[in-house]
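Worksheet for the structure shown next.
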Amino acid sequence: MDREELLAQMIATPAVDRSFHDWPEVLANYAECLTALEPKLRKEEMESLIQAGADFYRTLARAEQYRRASIWDEPPR
């Protein structure tokens, strides 16, 4: 499969309806996939996948930070 086919498949594949707070579990699932793939990959390929996971983590962590900053526990006075 090429990049576009993989992207389309990821977008079209149904996923578990998770709470926004479950994103660390999604990242843990990705790490499990990498664990299974590691013996089949070159070091450079593994590093690339780890970098993609790091980008994913940073993006979601920033989104969570923005979400928390935009929600007030109490209405402003």
Original post:
Would you pick out the residues in the stretch 16-52 that are under 20 Å from Glu64 (Cα atoms), open to solvent by 70 Å² or more (accessible area, probe 1.4 Å) and of a type in the set (A, V, I, L, M)?
Top reply: Val16
Original post:
So which residues in the stretch 1-15 are of a type in the set (A, V, I, L, M) and surrounded by 10 or more Cβ atoms within 10 Å (Cβ to Cβ), if there are any at all?
Top reply: Leu6, Leu7, Ala8
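The values are calculated or read from the model by the stated rules, or taken from the named source; none is laboratory data. What you are looking at is a predicted structure, and each value in this text was computed from that prediction instead of being measured. When we count neighbours, we look across all protein chains shown, and the Cβ atoms used for this are built from the backbone with ideal geometry, even at glycine. Side chains are part of the model used for accessible areas, which takes the heavy atoms of the whole protein and leaves out ligands, DNA and RNA. Shrake-Rupley method; radii C 1.70, N 1.55, O 1.52, S 1.80 Å.
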